[in-house]
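Just below is one structure, and these are the notes that go with it.
Rule-based calculations on the coordinates, nothing more; no lab input. All figures in this text were calculated on a predicted structure; none of them were measured in a lab. Glycine also receives a Cβ, built like all others from the backbone with ideal geometry; neighbour counts cover every protein chain displayed.
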Amino acid sequence: MNRMAPIHEKVVTPASSSAASNNPVTPLKEQQLLRVKNAAREARKAGSRTSSISGPDQYKDGVAASVWEEYIGENRESRYREWLISTLRKHGAVRILDVACGTGVDSRMLVSAGFHVTSCDLSNNMLQKARDTKAKKNLKNWEIHLADWCKLPQQLGPEVHHDFDAVICMGNSFAHLPDELDKQEKQELAISNFREMLRPGGILIIDHRNFDYIVANGKAPSKNIYYQSTWQTQVDTSFERNDLGEVTNIILDYAMTVPLEVQIKMGLDLDGSHDQVTFQLTYFPHYLSKFSRLLRRVFGLTIDDATAPHDISGDFLPLDVAHDPAYYIHVITKEKTIESSDGCER
Ligand code: SAH
């Protein structure tokens with residue numbers, strides 16, 4: 001059972017601020033693709049000057065990693081599984097890059113379904129769980145790497161070719177990427193790197209929580225099809241705001257009550273005084289229309305083109321029937337050929 005407690009507010013004044021609003025999607029000019037590439041190049045340069053990674057490893061203490069699979073539950077809801085597998089098959093995908101594999105839940109589900117999966121993640125703790133499972137179950141067609149989204153092509157190395165049929169970034173993972181400079185440069189760079197790993201015509205599947213709802217209501221929608229823990233889980237929500245009152249970070253404090261027999265089995269040392277595992281995760285609030293604009297900009301798609309290869313579902317249902325979904329899931333296609341400035345097709 002998941003319960004979102006009332007929100008707490010904390011006002012934080014960032015170095016600069018910009019509107020994280022839900023304005024309607026505006027038209028995209030062709031030249032914007034070039035602008036995105038230039039911005040990504042600049043961000044890459046800035047990134048190498050300012051920090052070696054895109055954000056802190058929020059899973060570093062190993063606490064969330066130790067209970068993550070239990071938080072997800074035995075089997076991620078069948079609708080999640082069926083939708084993901086059928087969407088990949090519909091697009092003819094065989095070679096998949098899971099860029100936020102965590103403990104490997106989605107990756108091993110796809111390996112079992114016959115896909116060839118390369119997985120990566122920023123967190124060694126989470127990856128170790130994935131490596132353990134791979135070894136324990138002797139799974140084939142599964143490669144696992146340590147890599148940060150902002151340095152993805154470099155850190156995956158030349159042996160990992162940029163020709164994946166699909167890149168997946170699921171489980172509200174992308175929202176972990178902070179926006180320190182308030183310009184979404186790193187987010188733009190990361191998506192541009194995801195796109196780079198795709199073959200022409202390949203797809204990116206990326207999701208985020210329904211932050212529009214969370215910010216408006218101070219809590220997440222009550223149903224949550226991603227996380228099905230049988231343990232009692234309380235999630236305490238707090239907001240950080242800038243001086244304009246915009247929410248810049250959402251902090252979720254998790255408290256999971258671990259049954260005693262599980263504590264013993266897992267070797268958890270809860271010192272006998274309590275039976276809760278607690279951890280905190282921070283998210284950048286991606287609003288649906290702003291995130292859609294960001295995605296389309298990086299993929300060079302016209303923002304208001306209803307025929308653009310960019311589908312959005314809410315909890316895996318078409319948007320017109322998904323009422324207050326907990327998650328939005330985007331499927332966006334990389335263009336088949338790119339016209340370069342010298343007129344050659346690549
Ligand atoms: N997709 C998995 C994992 C979700 S947890 C699932 O649904 O269970 C989110 C994961 O994103 C974590 O394992 C975290 O380490 C990873 N992550 C966050 N920021 C990252 C970054 N910049 N580069 C690579 N991985 C990142």
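Database remark: amide H of N249 closer than 5 angstrom to the amide H of E240 (H placed geometrically; neighbours at sequence offset of 5 or more, or on other chains; Pro and chain starts carry no H). Computed over the stretch 192-346, the P(r) curve from all C-alpha pair distances, binned at 10 Å from the origin, holds 9, 28, 27, 20, 11, 4, 1 percent per bin. With a Förster radius of 30 Å applied to the beta-carbon distance between R89 and D57, the computed FRET efficiency rounds to 0.35. Taking the Kirkwood radius as Rh and the Cα radius of gyration as Rg, the stretch 114-238 has a ratio of Rg/Rh equal to 0.99. For the pair I225 and S289, label points projected 7 Å from Cα toward Cβ lie 2.5 nm apart.
Working from label points 7 Å from Cα in the Cα-to-Cβ sense, the N217 to L281 distance is 1.9 nm. Put simply, the stretch 64-136 fits an ellipsoid with semi-axes of 21, 15, 10 Å; these come from the alpha carbon gyration tensor as the roots of five times its eigenvalues, largest first.
Rounded to the nearest 20, the Cβ-based charge dipole of the stretch 78-172 about its Cα centre (Lys and Arg +1, Asp and Glu -1) stands at 420 debye. The simple spin-label model puts a point 7 Å past each Cα toward its Cβ; for T337 and R79 those points are separated by 4.1 nm. Taking the inverse of the mean reciprocal distance over all distinct Cα pairs, the Kirkwood hydrodynamic radius of the stretch 165-224 comes to 13.2 Å.
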